[in-house]
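K.L.:
One structure, pasted below without further comment.
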Amino acid sequence: MDITLMGTASAASGAGRDNTYLLLQNDTDCTMVDVGGNPLGKLKQLQISSHQVKRVVFTHLHIDHIYGLPSLLWGMWLDQRTEPLDIYCDEEGREWLEQWLDHLKVTQWAIRFEVRVMTYTWEKPSVIAEGKDWTMSVFPSRHSVPTVGVKMVHEGKVMVYSSDTMVNPEIKKISNIDLLIHEATTAHKKLEFHTSLKELAGFYNWSAVERVTLVHMTDNEPYMEVLGQLPEEIHRKITVGQELTTVTL
């Protein structure tokens, strides 16, 4: 299982970063978690066809996490896709998402594939998709709107993506995490509904976390300064995420 950081910036984007979204790739297909800037161009840089993206999981419906969807759908249409695309969102957001797709006039492009809106209940941990050797589930995050984190288990290895959240007890309860991709909107100052690197370092059980990659970052924040102040056993586990970096689970 390969996890690619398609973008790593917070809501305001960055000078060299798109808004945070991920691509999870196994042997047979890909899942895009949220859709930020230039999904088609980034797939081309990775030499991955849009046909390989079988599902999109929206962690929540804030603009910075969804605005790339029209471009992705347009590219799939131009690529003459015929397989269905599943888009997952919280049950409360289903009507809004379907109306948005209608306003985009997706069906008037004469697309040859079905766009299927699938739902989860954000407050309840649940499995949303699975394959031969992997399982993907969602769990509640702590944000200003209904939001979920994503957990992927592949051949016994565990990846957790926090999405936008304050430090989250749901993540802390997980007994073993091989890769935690966690937001760090700030380095040390408190920001409502989000996490600072300092808060992250002080909250989680580091004996249960093998490695952390920081995403949802803000330009000109002193991340390296805060990292330098952390105990070595924590500092060595944390990597500042970079665009189009791929990590193997």
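The values are calculated or read from the model by the stated rules, or taken from the named source; none is laboratory data. Because the structure is a prediction, the values reported are computed rather than measured. Here Cβ is always computed from backbone atoms with ideal geometry, including for glycine, and neighbour counts include all displayed protein chains.
K.L.:
Anything in segment 91-100 that is without any contact (Cβ under 8 Å) to a residue 40 or more places away in the chain and either in a loop (DSSP other than H, G, I, E, B) or not aliphatic (A, V, I, L, M) (or both)? List them, or say none. If you could, list the steps in order and put the result at the bottom.
P.N.:
Residues of segment 91-100 without any contact (Cβ under 8 Å) to a residue 40 or more places away in the chain: 91, 94-100.
Scanning segment 91-100 gives E91, R94, E95, W96, E98, Q99, W100.
K.L.:
Restricting to helices (runs of 4 or more DSSP H) lying wholly in segment 18-90: which have 2 or more residues that are in contact (Cβ under 8 Å) with a residue 60 or more places away in the chain? Outline the logic, then answer.
P.N.:
Numbers: elements: 39-45, 63-66, 69-78.
Qualifying helices (runs of 4 or more DSSP H): 39-45.
K.L.:
Of all residues being part of a loop (DSSP other than H, G, I, E, B) and among the basic types (K, R) in segment 109-166, which is nearest to L72 (Cα to Cα)? Just the residue, please.
P.N.:
Per the stated criteria, the residue is R112.
K.L.:
Any idea which residue in segment 193-249 is nearest to I171 (Cα to Cα), counting only those that are surrounded by fewer than 16 Cβ atoms within 10 Å (Cβ to Cβ) and acidic (D, E)?
P.N.:
Taking the candidates together, the pick is E210.
K.L.:
Having 2 or more residues that are within 25 Å of D64 (Cβ to Cβ) and either touching a Pro at 6+ places or on another chain (Cβ under 8 Å) or not charged (D, E, K, R) (or both) is the bar; report the helices (runs of 4 or more DSSP H) wholly within segment 179-249 that clear it. Steps first, answer last, please.
P.N.:
Numbers: elements: 197-203, 223-229, 232-235.
The qualifying helices (runs of 4 or more DSSP H) are 197-203, 223-229.
K.L.:
Next question, about the same structure. Here is a check on your reading of the model: is K157 surrounded by fewer than 23 Cβ atoms within 10 Å (Cβ to Cβ), modelled with pLDDT under 95 and either touching a His at 6+ places or on another chain (Cβ under 8 Å) or not aromatic (F, W, Y) (or both)?
P.N.:
Details: surrounded by fewer than 23 Cβ atoms within 10 Å (Cβ to Cβ): yes; modelled with pLDDT under 95: no; either touching a His at 6+ places or on another chain (Cβ under 8 Å) or not aromatic (F, W, Y) (or both): yes.
For K157, the condition - surrounded by fewer than 23 Cβ atoms within 10 Å (Cβ to Cβ), modelled with pLDDT under 95 and either touching a His at 6+ places or on another chain (Cβ under 8 Å) or not aromatic (F, W, Y) (or both) - is not met.
K.L.:
Does segment 74-124 hold any residues that are modelled with pLDDT of 95 or more and among the β-branched types (V, I, T), and which are they?
P.N.:
The answer is T82, I87, V115, V117, T119, T121.
K.L.:
Name the pairs whose Cβ atoms lie under 8 Å apart, with the first residue in segment 105-131 and closer than 17 Å to S71 by Cβ, the second among the aromatic types (F, W, Y) and in a loop (DSSP other than H, G, I, E, B), and 6 or more positions between them or separate chains?
P.N.:
none
K.L.:
With respect to L46, determine if the residue is out of contact with any Pro (no Cβ under 7 Å at 6 or more places or on another chain), at pLDDT 95 or above and surrounded by fewer than 22 Cβ atoms within 10 Å (Cβ to Cβ). Break it down stepwise before answering.
P.N.:
Values: out of contact with any Pro (no Cβ under 7 Å at 6 or more places or on another chain): yes; at pLDDT 95 or above: yes; surrounded by fewer than 22 Cβ atoms within 10 Å (Cβ to Cβ): yes.
So L46 passes the test.
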